[in-house]
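Notes follow once the structure below has been shown.
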Amino acid sequence: MAEHSKFFSLNILLFLLLLTIPLKELRAVNSLDVVVNEIAWMGTETSYYDEWIELYNNNDFPVVLSGWKLKVAGKSLKINLSKEIPAKGFYLLERTDESTLPEFTANQIYNGALSNQGERLELYDNYGNLIDFVDCSVGWFAGDNKTKQTMERKNSKNSGTKINWQTSLRPNGTPGAQNSSGIQLKQESEPKPFENELSQKESKKELAAINEYFPEKLPFNSLLIAFLMAMLSSIIILFLKKEIQKDI
């Protein structure tokens, strides 16, 4: 009886310890919850060396970025992220040192350069899941190397395909702040029906590519919690059955 009571007490203690884990650690992070929001691949008006990258958190809760990685495909450039990105907040990555954007405080400094010819950026969480990607491997979707206007994401909740990027309204962009309305491109004529049909086909192709990169799956931490809860429930039921049999 004493051994069973001790075993039961240990499992109750395990359950209470699970309850003490911070809620933000248990919340699942899914595709596009945190995204690459703005890229100064061309540097700034001060120097073309002054590149920077901005992330944005779409969630209503902060996300711990420890173990996360921002990679440039096909290159050795890999940024091991740290710290925390606030709810509905920004995370500013500055190249080499704080002088990249003297008027802003970087959340993290990194080393390595982006090619002006284009790159593919991939954002992974601490479980190795691909959370966001921007494939500009054949050329940057937006931004201006001469005027130093940055490449901004139009809608942080939509995929990082070409249609969702714009050139910033002003030089040097909007680091650590809401993106601009973007430059207005002149439309020479109304799109023809055939052009609309092609646009719809391209959108379907892009959606298929996104689904391929972001398969639906249950995060590992949710599975772990469910397993532990099920195990604990089974142990409690087994213990109660034994106690009832003893009383009989």
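No lab work stands behind these numbers, since they all come straight from the coordinates. What you are looking at is a predicted structure, and each value in this text was computed from that prediction instead of being measured. As a convention, Cβ positions derive from the backbone with ideal geometry for all residues, glycine included, and neighbour counts pool all protein chains shown.
With coordinates expressed along the principal axes, the C-alpha atoms belonging to the stretch 30-187 extend over 42, 35, 31 Å, beginning with the largest. Normalising the average separation of contacting C-alpha pairs (under 8 angstrom, six or more residues apart) by the number of residues puts the relative contact order of the stretch 30-187 at 25 percent. The Cβ shell under 14 Å around Asn179 holds other residues with a net charge of +2, Lys and Arg each +1, Asp and Glu each -1. Note on the stretch 75-98 and the stretch 137-161: Cα centroid distance 18 Å, given to the nearest whole angstrom.
Working note: Karplus 6.51/-1.76/1.60 with θ = phi - 60° gives the stretch 155-163 the couplings 10, 5, 8, 9, 4, x, 7, 3, 5 Hz, where Gly and Pro are set to x.
Amide H contacts of Asn59: Lys88, each under 5 Å away and 5 or more positions distant or on a separate chain (H built 1.01 Å from N in the peptide plane; Pro and chain starts excluded). Using the Cβ-Cβ distance between Thr96 and Lys69 with R0 set to 22 Å, the FRET efficiency works out to roughly 0.70. Applying the criteria of a DSSP loop state and at most 15 other Cβ atoms within 10 Å to the trypsin sites (Lys or Arg not before Pro) of the stretch 32-118 yields Lys75, Lys83, Lys88. Couplings 3J(HN,Hα) for the stretch 132-144, derived from phi with the Karplus relation 6.51 cos²θ - 1.76 cosθ + 1.60 (θ = phi - 60°), are 7, 8, 10, 9, 10, 5, 9, x, 5, 5, 7, x, 9 Hz, where x marks Gly and Pro. Extension gain for the segment Ser181 to Ser76, taken as residue separation times 0.36 nm less the Cα-Cα distance, is 34.4 nm to one decimal.
Counting other Cβ atoms within 10 Å, which GluC sites (Glu not before Pro) in the stretch 102-184 have at most 10 and lie in a DSSP loop?
In loop regions of the stretch 102-184 (DSSP not H, G, I, E or B), the sparsely surrounded GluC sites (Glu not before Pro) are Glu103.
Whole-Hz Karplus values for the stretch 46-58 come out as 6, 7, 6, 6, 7, 7, 7, 10, 10, 9, 9, 9, 6 Hz, taken residue by residue from phi with 6.51 cos²θ - 1.76 cosθ + 1.60 and θ = phi - 60°; glycine and proline positions read x.
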